[in-house]
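Comments concern the structure below.
The values are calculated or read from the model by the stated rules, or taken from the named source; none is laboratory data. Worth saying up front: this structure is predicted, and the values here are computed from it rather than measured. Using ideal geometry, Cβ is built from the backbone for each residue, glycine included, and neighbour counts are taken over all protein chains shown. Surface accessibility is based on the protein's heavy atoms, side chains included, excluding ligands, DNA and RNA. Shrake-Rupley method; radii C 1.70, N 1.55, O 1.52, S 1.80 Å.
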Amino acid sequence: YLNGDVSFVDRIFLTLGGRYDDQSRFGSHGTWRGSALYRHLETDTEVHVSYGTAYKSPTLYQLFGRSAFFTGNPNLNPEESKGWEAGVKQSVLNDRLSAGVTYFHNDITNLIQSNATFTSYVNIGKAKTQGIESFVAASILPNLAARIDYTYTDAHDDISNLWLLRRPWNKLSVAVDWKPIQTVDLGLQAIYDGAR
């Protein structure tokens, strides 16, 4: 893989990367990703965009795994996808409080997913995931911080128009981090996964 970063006057940050994989079973494949971030220093606002491709071969377990209730599928094809995202982050009070929101969209070919009875894996010809990720983070005290994250995901099979399995529409997490002394860091996190 090859990755390059460049920045201009602490305001514009560009990244471009590429990767080449060669595998005996599925052959060779190249992927890439590019991203840009603009930071408005006067208001402490960041705007970011990215676009990229991805490639994922089936695991050995997905291909050949076997148990009393599961049989792998040696006919699986690799997943391929193209996706983009765009978002904004705003910080105030010298970065003691920040919030952000990002929209994401992915088009996936040959998505690897459990079959309806969860006894093997299958490829879904075309699938789509899109949604919004957001967060609010606060430094309440010098040694106490909290963060809330929320994600809405619309994930469905583009051919059958059915929802994809095991992907919650709504996900919420709340985390608190407390550092009573310099060498001790205590964290507590609660995660809610909605209907799927």
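The set of residues from the stretch 58-89 being under 30 Å from residue 39 (Cα atoms) and aromatic (Phe, Trp, Tyr) comprises just one member, 84. Applying the condition of being of a type in the set (Ser, Thr, Tyr) and within 23 Å of the chain's Cα centre (by Cα) to the stretch 62-106 and asking which residue is surrounded by the fewest Cβ atoms within 10 Å (Cβ to Cβ) yields 103. For the stretch 163-186, the set of residues classified as under 10 Å from residue 143 (Cα atoms) and part of a strand (DSSP E or B) consists of 177, 178, 179, 180, 181, 185, listed by residue number. Quick one: which of 101, 88 is in contact (Cβ under 8 Å) with a residue 40 or more places away in the chain, part of a strand (DSSP E or B) and either in contact with a Gly (Cβ under 6 Å, 6 or more places away or on another chain) or of a type in the set (A, V, I, L, M) (or both)? Answer to the check: 88. Entry remark, the stretch 107-125: residues being open to solvent by 50 Å² or more (accessible area, probe 1.4 Å) and not in a strand (DSSP E or B) number 4 in total. Of all residues in the stretch 49-63, those that are touching a residue at least 24 places away in the same chain (Cβ under 8 Å) have Cβ atoms under 6 Å from Cβ atoms of residues that are among the basic types (Lys, Arg), 6 or more apart or on another chain, in 52/33; 53/82. Which one is farthest from the chain's Cα centre (by Cα), of the residues in the stretch 1-59 that are surrounded by 15 or more Cβ atoms within 10 Å (Cβ to Cβ) and among the acidic types (Asp, Glu)? Per the criteria, the residue is 44.
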